[in-house]
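Undergrad: My questions will all concern the structure given below.
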Amino acid sequence: QVQLVESGGGLVQAGGSLTLSCAASGRTFSSYCMGWFRQAPGKEREFVAAISWSGGSTYYADSVKGRFTISRDNAKNTVDLQMNRLKPEDAAVYYCAADRSISGVSSARRADVWGQGTQVTVSS
């Protein structure tokens with residue numbers, strides 16, 4: 001099983017950009033579908049984006065479509081989330097997740113492996 005560590009969170013002004021990165025340990029990274037979720041205070045954890053094991057298919061929540069881009073590098077065992085045109089409502093703790101299936105990694109209830117999260121703050 002992989003272990004996940006997120007990085008790249010921080011404070012950014014509305015309209016700005018930020019890239020989150022998730023580093024995975026283990027030699028089976030390329031067999032996992034990967035995803036990003038976020039959780040704001042007082043709210044449930046919500047799906048943001050997912051990518052298939054090959055990187056050939058990507059999926060996004062409607063709220064981030066056109067602004068966020070998920071990508072992966074199987075040689076480096078990393079998955080990134082490029083976030084552009086950030087809004088105050090994007091502020092949350094962002095979590096990286098892994099699962100063997102794309103449906104699993106797109107569900108907060110089903111994703112198999114989680115990182116510890118990284119804070120994103122967006123000032124208006």
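Undergrad: Can you name the residue in the range 1-39 that is within 14 Å of the chain's Cα centre (by Cα) and more than 20 Å from residue 113 (Cα to Cα) and is also most open to solvent (accessible area, probe 1.4 Å) among such residues?
TA: Among them, the one singled out is 19.
Undergrad: Just checking, does the range 20-27 include any residue being at pLDDT below 95, at negative phi and either outside any strand (DSSP E or B) or β-branched (Val, Ile, Thr) (or both)?
TA: Within the range 20-27 (the criterion being at pLDDT below 95, at negative phi and either outside any strand (DSSP E or B) or β-branched (Val, Ile, Thr) (or both)), the answer is yes, since at least one residue qualifies.
Undergrad: If you take the residues of the range 91-110 that are over 13 Å from the mean Cα position of the chain (by Cα) and free of Cβ contacts under 8 Å to residues at least 60 places away in the same chain, which of them is surrounded by the most Cβ atoms within 10 Å (Cβ to Cβ)?
TA: My answer is 91.
Undergrad: With respect to residue 48, determine if the residue is outside any strand (DSSP E or B), on the phi < 0 side of the Ramachandran plot and buried (at least 18 other Cβ atoms within 10 Å of the Cβ).
TA: no
Undergrad: Please state which of the following conditions residue 61 fails to meet, knowing it meets all the rest: (1) touching a helix residue (DSSP H, G or I) at 6+ places or on another chain (Cβ under 7 Å); (2) surrounded by 16 or more Cβ atoms within 10 Å (Cβ to Cβ); (3) without any contact (Cβ under 8 Å) to a residue 24 or more places away in the chain.
TA: It fails just one condition, (1).
The values are calculated or read from the model by the stated rules, or taken from the named source; none is laboratory data. In this text the structure is predicted, and so the values were computed from the model without any measurement. All Cβ positions, even for glycine, are placed from backbone atoms using ideal geometry, and neighbour counts span all protein chains on display. Ligands, DNA and RNA are excluded from the accessible area calculation, which covers all protein heavy atoms including side chains. Shrake-Rupley method; radii C 1.70, N 1.55, O 1.52, S 1.80 Å.
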